[in-house]
Structure formats: C-alpha cells, structure tokens
Amino acid sequence: MCHKNNSVLMILVGAGLLIAMFGCGKSRFADRKPVVPVRGTVLFNGKPTVGAVIWFHPLDDPTPKAVSSRGSVGSDGVFELTTYTKADGSPAGEYVITAYWPDPFKKPRNEDEESDLPPDLLQGRFATRQVSILRAKIGDKPVEFAPVDLGSAEMTKSREYHLREK
C-alpha cells in the first residue's frame, strides 16, 4: 500500500513541476515589445567615440522601469542598439538619447565623490535625460542614423538635436 502512495505522490510532484515550468506563470517573453535593428555612428570632433555608451530612453515613459535600448560605440564609431538580446534593436517610438564616454586613461573617481565611474569625456553634456539635447524617432523598419558629431558647432548651438536617417 505504501508503494502505491509513493507512486501517486511522484506522479503529482512530476505533474506539478511540468505545470510550473510550462503551463502556469507568466512567460519571460510575454511583455517584450517588438524591436527593429537600429545602428548609428557617434563621433567627437570627427573621431570615433570608442567605448561611449549610448542609451535610448522613451520620451513617453520617464520611469526607471521603462524599456530602454543601449549600445556601445566600437572602434569605427558605430553602435548597434540592444534591448533584449545583443544588437536586436529597439522598439518603435520617440526617444531622448543619453551618452557617456568614459575616459580610458583615467581611473574611477575617489571614494568620497558621488560616482565610481571614470570621468566623462563629454563632460556630462549628454549624460542624463534632463540635459541631453539628442532626440530620435524609430519606426517599424530598420534604421541607420547618419553620423552625429557631438563636438560639432551644431551640437553646441542646438537646443534640441534630432538624429536623421542615412
């Protein structure tokens, strides 16, 4: 009799595990927004901003939980946005863009300062949603933005700068 109860118990435990794994609960992919490939080139005074981190933050959702996309600038000045998996792109929408370009030759700041990050070669001009003048619109088709030079006179004179497609 004891053997029969153990078999039933094993079947119930197995069924419970299968339901938990496949049938119940929310899929980790359920809330994903569709994305399109997005890439662009970021320069400073005509040279690639190698290692700069570019973030696309949705204009319509300023909360920290908003789905944002990010990319790192390579040696050629090109970045590709990532939202869920490497270089998958970004959801459609309007964005404010932030940029942080860590100085590769300087160590992180001292312990008594606010941040433990290396100094920003862009001097914080594009570091937050509140100060960045960079904007972009992404539709439902792949996008390649024209190169943007963050050190140009156009950048220093603009109140708002919209990335343009190539």
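The values are calculated or read from the model by the stated rules, or taken from the named source; none is laboratory data. All values derive from a computational prediction rather than experimental measurement. With ideal geometry, Cβ positions are generated from the backbone for all residues, glycine too; neighbour counts draw on all protein chains shown. Note: accessible area is taken over every heavy atom of the protein model, side chains too, but ligands, DNA and RNA are not part of it. Shrake-Rupley method; radii C 1.70, N 1.55, O 1.52, S 1.80 Å.
Couple of notes before you dig in:
- Per-pair calculated FRET efficiency, R0 = 22 Å: residue 146 and residue 103 via Cβ, rounded to 0.05: 0.25
- Net length available on complete extension from residue 78 to residue 164 is 29.5 nm, with 0.36 nm assigned per residue and the Cα-Cα distance removed.
- Stretching the chain fully between residue 94 and residue 154 yields a gain of 19.5 nm (0.36 nm per residue, less the alpha carbon separation).
- Solvent exposure of the stretch 50-150, expressed per residue, is 58 Å² of accessible area, with all protein chains present and a 1.4 angstrom probe.
- Using a Förster distance of 25 Å, the FRET efficiency for residue 59-residue 85 (Cβ separation, nearest 0.05): 0.55
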